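This report refers to the structure that appears directly beneath it.
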Amino acid sequence: MSEAAPVLTIDGPGGAGKGTISRLVAERLGWHLLDSGALYRLTALAAGKHEVSLDDEAALAGVAAALDVVFLAEDGEARILLEGADASRAIRTEQVGDAASRVAALPAVRQALLERQRDFRQAPGLVADGRDMGTVVFPEAPLKIFLTASAEERARRRHLQLREAGVDANLSSLLKEIQARDARDMQRSVAPLVAADDAVELDTTSLTIPEVVDRLTELLAKRGLASDT
Ligand code: DC
């Protein structure tokens, strides 16, 4: 049954709005959600907890394979438990994001997380958010989206988000960090960030969140994957 469940893959660089858009589309359709970036972040966090070096690929793959993680959705709020403790906030820091980007460049870690990601494919459907959802994890997905926005716009969005959270951040250093992370994600030899040949590219620089959600729902409906609600 789970083999037949449709998958919508949403790949693209960090800050393009994938997380928010994926959650809203999944909610609208009543589909499951895979936040694959969270798995790399959790691996980095668990490695820190267990004092595993970010240079030790084999040990990191072991951490990834053994991840004790539970994804909960309560009242539209996603919570993530790592080894029984709430890690929802801890995985979102810049420090963990940076470590996740290093961990994600290791082939053994990516391999260790592959089946765990495919297990999310359950009826009635899955929205899969990441960098290699359409190219590696679900290459047969019936609809693939590559979501982008200019680096400047992504830095501006991140700056706003941080300011709203009461965090003082510098726009030009955020832009530099985003450009460095893009370069690392695109240039790594294993599963680099690249649009699948059959992906629909959507630039969100001048689109609002509801406009992007509508666009995706229309595309799903056109392909007969969901009703246009
Ligand atoms: O989307 P995010 O910022 O939570 O992702 C964290 C890191 O993991 C980021 O550097 C990209 C990487 N990642 C990846 O390599 N493959 C995925 N499918 C998802 C995320």
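Values in this text are rule-based calculations from the coordinates and carry no lab data. Everything numeric in this text was worked out from a predicted model, so none of it was measured. Positions of Cβ are generated from backbone atoms using ideal geometry, with glycine treated the same way; all protein chains shown enter the neighbour counts.
Between Ser227 and Leu171, how many nm apart are label points set 7 Å from Cα along the C-beta direction? In this crude spin-label approximation the distance works out to 4.5 nm.
How do 77-85, 163-171 rank on mean C-beta neighbours within 10 Å, highest first? Before the final figure, lay out the partial values.
Working: 77-85: 13.9, 163-171: 10.4.
The densest-packed peptide leads the list: 77-85, 163-171.
Between Val7 and Leu126, Leu143, the built amide H atoms are under 5 Å apart, and every one of these is 5 or more places off in sequence or on another chain.
Taking 0.36 nm per intervening residue step and subtracting the Cα-Cα distance, what contour gain separates His50 from Arg118 on full extension? Please report the intermediate quantities before stating the final value.
Numbers: separation 68, 0.36 × 68 = 24.48 nm, distance 2.62 nm.
Result for the pair: 21.9 nm of gain on full extension.
Extension gain for the segment Glu83 to Arg163, taken as residue separation times 0.36 nm less the Cα-Cα distance, is 25.7 nm to one decimal.
Within the listed set Lys49, Lys18, Lys176, the Gaussian network model of the chain (springs between alpha-carbon atoms below 10 Å) gives the highest mean-square fluctuation for Lys49. Taking the chain as a Gaussian network of alpha-carbon nodes connected by springs under 10 Å, the highest mean-square fluctuation of the residues Asp56, Asp197, Asp75 belongs to Asp75.
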